[in-house]
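Here the structure is laid out as structure tokens; the discussion comes afterwards.
The values are calculated or read from the model by the stated rules, or taken from the named source; none is laboratory data. None of the values given here were measured: they were computed from a predicted structure. For neighbour counting, all protein chains shown are included, and Cβ atoms are generated from backbone atoms with ideal geometry for every residue, glycine included. What goes into the accessible areas is simple: the full protein's heavy atoms, side chains included, and nothing from ligands, DNA or RNA. Shrake-Rupley method; radii C 1.70, N 1.55, O 1.52, S 1.80 Å.
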Amino acid sequence: IKEGTAPRDEQQTSDITWVTVKGSQDLGNGLKANVKVRTRLFVDDPALTKVGGDQLTVGLSNALGSVDIGRNYHALGTATIKYDVVWTDYGSHYDDIHSAQNRRLSNGVFATVNLGKNLKLQYDRGDNIVTGVKDVNVYSAHAKLGDLSGSVLRYDDGAKNVTTAVGVEYKLPATGTTLVGFYSDDKKHGYGVYTWSDQKKYSGWWYHGK
């Protein structure tokens, strides 16, 4: 159990405590069964706490990769947290800079394939139970070469929400300083309040992106 493991944007200003419970069982021949439950405890407002609200997955893994089912961050959400210097607390949270595209998938399948020690392919799929609504697909590749690591990602919900992103991280050996860069090409469609050029706010369907 790990307590107080909040992301860097919440470490000093948030009342949230993060609790993670995980376990694994060796099934033999290098195969393991895994379960992970990650919950945010809202100290000031306990009613907001939902067990497994952050992650609730079960799955199998071996040296070649893994398959998990449940609720978890998809690859784009994880990459935005890793490569966006303000995490999803400001720009990415409101889709003003990068779109994390809701960050998580429910009723999801999360699969990885390890191509050696330094290259991983990942496929995430969110099963939408609403009739006529397409499933979400997230494709990504993650590589590491010495102190340099990077990710290439593609999110597509089959409707009008699409993101292509590239993230790079480099750790300077001499000082341990970490440099990050993140580029995304986002198309986001939804319903909400939008401020137009006349400075008036309107509620309705909005769309922005390249």
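What nm distance separates the two modelled labels at Thr177 and Asn118, each placed 7 Å from Cα along Cα→Cβ?
2.4
If I model a spin label at Asn62 and Val152 as a point 7 Å from the Cα along the Cα→Cβ vector, what separation in nanometres do I get?
According to this spin-label approximation, the distance is 2.9 nm.
Going through the cross-link list Lys22/Lys50; Lys144/Lys187; Lys36/Lys82; Lys134/Lys188, which pairs have a Cα-Cα distance over 23 Å in this structure?
Beyond 23 Å between Cα atoms: Lys144/Lys187.
Mind ordering 70-80, 178-188, 150-160 by average Cβ neighbours within 10 Å, highest first? Can you show the working numbers first?
Values: 70-80: 23.7, 178-188: 15.4, 150-160: 17.8.
Put in order of decreasing packing, that is 70-80, 150-160, 178-188.
With every protein chain left in place, what is the accessible area per residue of the stretch 144-192 in square angstrom, probe 1.4 Å? Kindly include the intermediate steps, with their values, before the conclusion.
On the way: 2710 Å² over 49 residues.
With all protein chains present, the stretch 144-192 gives 55 Å² per residue.
Explain nothing, just compute: Karplus ³J(HN,Hα) = 6.51 cos²θ - 1.76 cosθ + 1.60, θ = phi - 60°, for every residue of the stretch 52-60 in order, whole Hz, x for Gly and Pro.
3J(HN,Hα) across the stretch 52-60, in whole Hz: x, x, 8, 7, 8, 9, 10, x, 10.
Determine the gain in length on full extension of the stretch Val43-Lys134; use 0.36 nm per residue of separation and subtract their C-alpha separation, reporting nm with one decimal. Could the numbers behind the result be given before it?
Values: separation 91, 0.36 × 91 = 32.76 nm, distance 3.67 nm.
Gain on extension, Val43 to Lys134, equals 29.1 nm.
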